[in-house]
Structure formats: C-alpha cells, structure tokens
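The values are calculated or read from the model by the stated rules, or taken from the named source; none is laboratory data. All figures in this text were calculated on a predicted structure; none of them were measured in a lab. Cβ placement follows ideal geometry from the backbone for every residue including glycine, while neighbour counts extend to all protein chains displayed. The area values use the complete protein model at the heavy-atom level, side chains included, leaving out ligands, DNA and RNA. Shrake-Rupley method; radii C 1.70, N 1.55, O 1.52, S 1.80 Å.
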Amino acid sequence: MNIALIGTGKMGRLVAQIAGERGHTIVFRIDIAGNDRGQALTAENLRSVDVAIDFTVPDAVVGTIDRVTSHGVGMVVGTTGWSKDLEKVRAMVSERNVGLVYGSNFSIGVNLFFRLMKGAAAELKKYPQYDPWIHEIHHSAKLDAPSGTALTLEQILRQSYGDQAISVASNRAGSVPGEHTVGFDSEADTLTFTHTARSRRGFAVGAVYAAEWIVGRKGFYEFPETL
C-alpha cells in the first residue's frame, strides 16, 4: 500500500514507522512548510497514492480533505477538533465517491472503552443518586480541549442521560499521551473507569489499520465501524 503522510510531527513519524513495519511505503510526505495553503497536495504528488493519512492541526483539516479527495484519493483523518464541519466533509466525500475514516481516537483499546461506557451509563442511569462526570489530561502541546475522545464519551453518556448536566474537565501538562476517566459519583460511593495510553503507538497502529481497511471502499466512516 502506498501512503501519503500529511503531518510529520510525533504522530506522523510514528505512523510512518508502523506503516513500514506492516510492509507499506510512504511515497509522499508533507508538513506545514511548503503546504500552508494545501498547494503541495497536487494530482502529480498524489498520483501513486492509495490512501492519505492526516495528523495535522484542526484549522487545516477541511482544506486538506478538500484537496486530497478532489484527486480521488481516500483518507484517514486522525486530527481532531473539526467536528463542526463534519456534515460538510461527509457531503464532500459522498459527492466525490471516495472513502474516508475519521475518529476522535484511533486506539483500539479506547474504542472498546467507548463500548463499555455505553453499557455502564445505561445501567447507572437507573440509579439517579449517581452523577456522571468526565476528566481527561493530555500533553501540553495538544491543541483542542476537551479532547475529541472526551467529547465522544460525553455523547455516549448523553444517550442515557439526555440533557442532564455532565461535567467535562480537561488538563494540559507535560508529555502525557492521554488519559480519560469516566466517573459516577454518589453520596455513598464513586465508580470510576479509566483508559490510560502508555504511548502514542496505539493511535498509530489504529490509523494504519484504518488505512488498510479503507482502501477499495467508498463512504464516510467513523473508526469504530472498521473494527
């Protein structure tokens, strides 16, 4: 599989490493330098690309998707913080008949955590003495807060709790890869469920897996749909 890597920061470099370990080739890579308006994402540069993987910044995502999909190339988008444009991008992907996978978190463990929290919320909602809350912490360089993962967890809890208040708290400090805790608190006790990422490797493995999955497919998919 030939991959275009858009974004060559820590996540991008790890994706390149994992892709190589799985027998794939990075045939084109670009960062903000020389691509501040997407001008490097040309038909010629993407000519031999099977799929593009994006780990950039929220403000650049929609423009990047527009450029890449206009050349008929499918994508995996690991960047978060652009959910306000979700429907716009969905329409773009449909119109151009390409494939795209996006997600708030590409860790397989986190996506199983999502499933578990859906079940936990459904059970605990039966007992109104328990109030739900969410806390997350990431490294100081992470741009969006709350994280996309925390927002997904909030959406999952809302399936059970509706309009009930759900406190979502975020911290940015040091080099923490990512930790998310969902809690249910009552006067008598507290239940907590935590996912802790030890490194970014799990995110990169999931992104490469998603790239393998989307090649040859058309449509707009959230990462859990690939599992």
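Return the FRET efficiency for the residue pair Lys218, Ala33: r is the Cβ-Cβ distance, R0 is 25 Å, and the value is rounded to the nearest 0.05.
Values: r = 32 Å, r/R0 = 1.30.
Using R0 = 25 Å, I get an efficiency of 0.15.
Computed from Cα positions, the angle between helix 108-124 and the longest principal axis of the chain comes to roughly 30 degrees. Largest GNM mean-square fluctuation across Thr25, Thr192, Thr64, computed for the chain with C-alpha springs under 10 Å, falls on Thr192. Loop-located trypsin sites (Lys or Arg not before Pro) in the range 37-72 (DSSP state other than H, G, I, E, B) with a sparse environment of at most 12 neighbouring Cβ atoms within 10 Å: Arg37, Arg47. For the chain, the alpha carbon convex hull comes to 118 Å³ per residue, rounded to a whole number. In the range 134-227, the alpha-carbon atoms span a convex hull of 136 Å³ per residue. In the chain, the longest principal axis of the Cα atoms and the axis of helix 201-214 are about 60 degrees apart. Of Gly206, Gly72, Gly162, the residue with the greatest mean-square motion in the GNM of the chain, using alpha carbon springs below 10 Å, is Gly162. Largest GNM mean-square fluctuation across Tyr130, Tyr209, Tyr102, computed for the chain with C-alpha springs under 10 Å, falls on Tyr130. Label-to-label distance, Leu116 versus Leu227, with points set 7 angstrom from Cα along the beta-carbon direction: 1.1 nm.
Listed by chain and number, the lysines placed with their C-alpha closer than 19 angstrom to that of Lys88 are Lys218; residues fewer than eight positions away on the same chain are left out. The GluC sites (Glu not before Pro) of the range 29-138 meeting both criteria, a DSSP state outside H, G, I, E and B (loop) and at most 15 other C-beta atoms within 10 angstrom of the site's C-beta, are Glu44.
Cross-link partners of Lys126 among lysines, defined as those whose alpha carbon lies under 18 angstrom from its own and excluding same-chain residues fewer than eight positions apart: Lys118. The residues of the range 77-151 present an accessible area of 48 Å² per residue when probed at 1.4 Å with all protein chains retained.
Distances between placed amide hydrogens fall under 5 Å for Val51 paired with Asn2, Ala4, all partners being 5 or more residues away or on another chain.
When the inverse distances between all different Cα atoms of the range 1-114 are averaged and flipped, the Kirkwood radius reads 14.3 angstrom. Solvent-accessible surface of protein heavy atoms, probed at 1.4 angstrom with all chains present, puts Leu227, Leu14 in the order Leu227, Leu14, largest first.
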